[in-house]
Amino acid sequence: MSEATAAGVPPPSPALSRKAAIVGVGETDYHLDYKAARAKPPGYEPPTPEGLAKIAFERAMSDSGLRREDVDGLSVSFLYGGPDAKSLAPMLGLGPRYLIENGGILAGPLQVVCADIAAGKCDTVAMVYAVASRAIGRQYGGSTYTGGERTPTSYYYYHPWGWSSQAAHWALISRYYQTSFGTTEEDLGAVAVQLRRNATANPNAVMQTPLSIEDYLNSRYIVRPLHVFDLCLVNDGAVCLIVRRADKARDLPHTPVLVAGWGESKIVNSKLHYLVRERLRPQLQDAGRQALDMAGLELSDVQHLEGYDASTIHLVDQLEGYGFVEPGAGLDFCKKGDMAVGGKLPVNVGGGMLSGSYMHGWNQVAEITRQLRHEAGPCQIEGVETSMFSLAQTDQAHPVIFTRGG
C-alpha cells in the first residue's frame, strides 16, 4: 500500500475517455445539518470532517452495491483539515493498495483518479470529500491571517486594493458587466431566484424557501452591487463518489456515469484583464474545447450544465464563456426560464452552491450522477444523456464532460 499526493490535472486524451465511471454516490444531510447548526438544540455537537466522511462513504457504498473488499483505492479531499488517506482507510474499514491525498476543491481530483484507473494503479476508488466550514467558523472575507488553518481565511494578498474576499472580485465583474451590457441588479437577481426555484424541488437543499425578486432586492448587500443571495452558502457536509473501471461497471444496481472528457486552462498573466474584462472567456473556450474533443462531442450535445456558482455573475460568465449563449445574453436566457428543468439548457438543477449546498463542486457532480442515471425525481431532466460540470475559479477553468453509460 503506497500513498501519493496528487500531481496536476492529467492532459486530456481520447485514450482516457470513458475508461472510468461513477458507480456510487453518497452525500450528507445538508438541509438538516444546516438547520441544526443554526438552531444548536440541546446536546448539539458540531460535525467533524471524518464523521461527515463516514456518512457519505457508507451511503455511497450502499448505493454502489459493492463490498468493501471491492474497493482498492481511497482518494481523500479534506479542504480545511482532517485525517490523511492512510489514517482514514481503517476508519472506513478499507485496506486499499492505492491511497492519494487529492486536493480539496473539485478542480482535478476526479481527473487524476480516472487517469490512474486507466493506468492500472487501481480498479475501484472511493473518493471522499468533506468540510466542516460552518462548524469551524470558516470566514470567506474580511480578515487577513490564517487563524491556524491550512488556507487563508480571506484573499489577504489583495488587501492593499480593498479586496478582502472573492465577493470583491465578483462585485467588480458585476459592475463591469452592468456597464458593458446595460443590465441591472434586478436582472442579475433572476439567477438567484431561478436557482432557489430549482432548490425547492431538492429535499436535501439547504435553502428551500421560495425567493422572489422583491426578496432579493430588499436583501442586504455584501459588496455592492451584490446582495447576500448572489453568493454561495457556508455549510458543513461531505460527498463520496465510487469510481470504477468502466469495463467493471456493468451489472451494478445503477446505470454507470462515464467520465468522457476534461480540460484545463489557466490565466498566466494580466489576471484582472482576463477576469474582469474578458470574464474568463478565453480560458473557458480553451478548456471547453479540450474537454469536448476528448469526449468526441460538440457543445450542442451538452443537455445539462452544473457550473461553479460561487456567485451569480460567475455562473453567467461560464454560461456565456463556453458559448452556450452570446456574451451579454445570459441574464435574458435565465429570465426566459431557459435554465430551468424543461428549459433549453437546465443549469444547477439541484440549487447549485447558491441554494443547494456549498461543497466546492462535489455536490454538483453528485447531481449530474443522479441526472444521467435518470433518478433525479422532481429535478429530472427528461432524456438527458450528456452533462457538463464546470469548475471555474478566478484564474482557471476545469470542465468535465459526463455521459450516460449503457
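Annotations for the structure displayed:
- Number of positions in the stretch 82-129 that are of a type in the set (A, V, I, L, M) and either part of a loop (DSSP other than H, G, I, E, B) or within 15 Å of the chain's Cα centre (by Cα) (or both): 9
- The residue list Glu326, Glu320, Glu306 contains one member that is open to solvent by 40 Å² or more (accessible area, probe 1.4 Å) and acidic (Asp, Glu), which is Glu326.
- Considering residues of the stretch 228-263 that are open to solvent by 10 Å² or more (accessible area, probe 1.4 Å), hydrophobic (A, V, I, L, M, F, W, C) and in a strand (DSSP E or B) only, the residue farthest from Ala132 (Cα to Cα): Leu258
- Lone qualifier among Ala329, Ala295, Ala366, Ala291 - being aliphatic (A, V, I, L, M) and farther than 27 Å from Ser17 by Cα: Ala329
- Options Tyr221, Tyr216; residue that is open to solvent by 40 Å² or more (accessible area, probe 1.4 Å), farther than 30 Å from Thr48 by Cβ and touching a strand residue (DSSP E or B) at 6+ places or on another chain (Cβ under 9 Å): Tyr221
- Contacts under 8 angstrom Cβ, first residue in the stretch 176-196 being closer than 20 Å to Val347 by Cβ and free of Cβ contacts under 8 Å to residues at least 60 places away in the same chain, partner open to solvent by 10 Å² or more (accessible area, probe 1.4 Å) and part of a loop (DSSP other than H, G, I, E, B), 6 or more apart: Val193/Leu211; Val193/Ser212
- Asp33 in contact (Cβ under 8 Å) with a residue 24 or more places away in the chain, under 23 Å from Gly261 (Cβ atoms), part of a helix (DSSP H, G or I) and of a type in the set (Asp, Glu): no
- Boolean, Asp309 is within 15 Å of the chain's Cα centre (by Cα) and part of a loop (DSSP other than H, G, I, E, B): yes
- Residue in the stretch 334-341 that is in contact with a Ser or Thr (Cβ under 7 Å, 6 or more places away or on another chain), at pLDDT 95 or above, surrounded by 16 or more Cβ atoms within 10 Å (Cβ to Cβ) and not in a loop (DSSP other than H, G, I, E, B) present: no
- If only residues of the stretch 353-382 that are over 21 Å from Leu258 (Cα atoms) and not in a loop (DSSP other than H, G, I, E, B) are counted, the one that is most open to solvent (accessible area, probe 1.4 Å) is Pro378.
The values are calculated or read from the model by the stated rules, or taken from the named source; none is laboratory data. These figures come from a predicted structure and were not determined experimentally. Please note: Cβ atoms are built from the backbone with ideal geometry, for glycine as well, and neighbour counts cover all protein chains shown. Ligands, DNA and RNA are stripped out before the accessible areas are found, and what is left, the full protein with its side chains, is counted by its heavy atoms. Shrake-Rupley method; radii C 1.70, N 1.55, O 1.52, S 1.80 Å.
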